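The structure under discussion appears below in the form of structure tokens.
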Amino acid sequence: MKHDTHPTDLRPKFWETQPLDELTKPEWEALCDRCGRCCLLKLEDEDTAEVEFTFVACRLFDPDTCTCGQYPLRKQLVPGCVELRPENIERIAYWMPTSCAYRLLFEGKPLADWHPLNSGTYQSVHDAGISMQNKTVPEYEVDEDDLEDYLVEGIN
């Protein structure tokens, strides 16, 4: 598969016809639009559960491709990394960006036109201004106490 095109060996429009818990592993993975927003460090208000995103990315985040540089090993290298699955999406969806396909489908909403499953290419995510491509600071360059200085406007 070319890096910038979406896989074509999936059931047609599976995201519109299948519940999340009945997707195959490749279909589940194909929902990811590679925006990189889930790899951003977030601040959560303990009282309201409101989540705010920062420009600070996980140390494994590749800012060029907006993917995890060690995806198969991410849980071993970053124990706090969240593995989104059909079994835990109900508990985690609020923490994902509102543009996230997993969250949208969980909430019964359609995917955006720019989503690679609709456009056929991951480039559409960058063209739409959704991705965090080359917009982040790696977490090892930021003191945890300074995260509030890196809040992103417009991501919720």
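Computed from the coordinates by the stated procedures, all read-outs in this text should not be read as laboratory data. Note that this is a predicted model, so its numbers are computed, not measured. Counting neighbours? That spans all protein chains shown, and the Cβs are built from the backbone with ideal geometry, glycine included.
Within segment 119-144, which residues are of a type outside the set (Phe, Trp, Tyr) and not in a loop (DSSP other than H, G, I, E, B)?
The answer is Ser119, Thr121, Gln123, Ser124, Val125, His126, Asp127, Val137, Pro138, Glu139, Glu141, Glu144.
Take Glu27 and tell me if it is among the charged types (D, E, K, R), crowded, with 17+ Cβ neighbours inside 10 Å and under 21 Å from Leu10 (Cβ atoms). Answer is yes for this residue. Within segment 49-72, residues that are crowded, with 20+ Cβ neighbours inside 10 Å reach partners that are assigned to a strand (DSSP E or B) and of a type in the set (Lys, Arg) with beta carbons closer than 8 Å, at six or more positions or on different chains, in the pairs Phe53/Lys42; Thr54/Lys42. Within segment 120-139, the residues that satisfy the criterion of being farther than 20 Å from Glu52 by Cα, polar (S, T, N, Q) and surrounded by fewer than 19 Cβ atoms within 10 Å (Cβ to Cβ) are Thr121, Gln123. For segment 94-110, does any single residue satisfy the condition of being touching a residue at least 12 places away in the same chain (Cβ under 8 Å), in contact with a helix residue (DSSP H, G or I) (Cβ under 6 Å, 6 or more places away or on another chain), farther than 25 Å from Leu20 by Cβ and not aliphatic (A, V, I, L, M)? Within segment 94-110, not a single residue is touching a residue at least 12 places away in the same chain (Cβ under 8 Å), in contact with a helix residue (DSSP H, G or I) (Cβ under 6 Å, 6 or more places away or on another chain), farther than 25 Å from Leu20 by Cβ and not aliphatic (A, V, I, L, M). Considering segment 27-61, the residues that are within 23 Å of Pro86 (Cβ to Cβ) and in a loop (DSSP other than H, G, I, E, B) include one that is farthest from the chain's Cα centre (by Cα), namely Ala49.
When the criteria are applied in full, Ser99 meets the requirement of being buried (at least 18 other Cβ atoms within 10 Å of the Cβ), of a type in the set (S, T, N, Q) and not in a helix (DSSP H, G or I). For segment 70-92, a residue qualifies if it is closer than 19 Å to Ala57 by Cα and touching a helix residue (DSSP H, G or I) at 6+ places or on another chain (Cβ under 7 Å), and the qualifying residues are Gln70, Cys81, Val82, Glu83, Leu84. Cβ-Cβ distances below 6 Å connect no pair with a first residue in segment 132-156 that is hydroxyl-bearing (Ser, Thr, Tyr), a second residue that is in a helix (DSSP H, G or I), and a separation of six or more residues or different chains.
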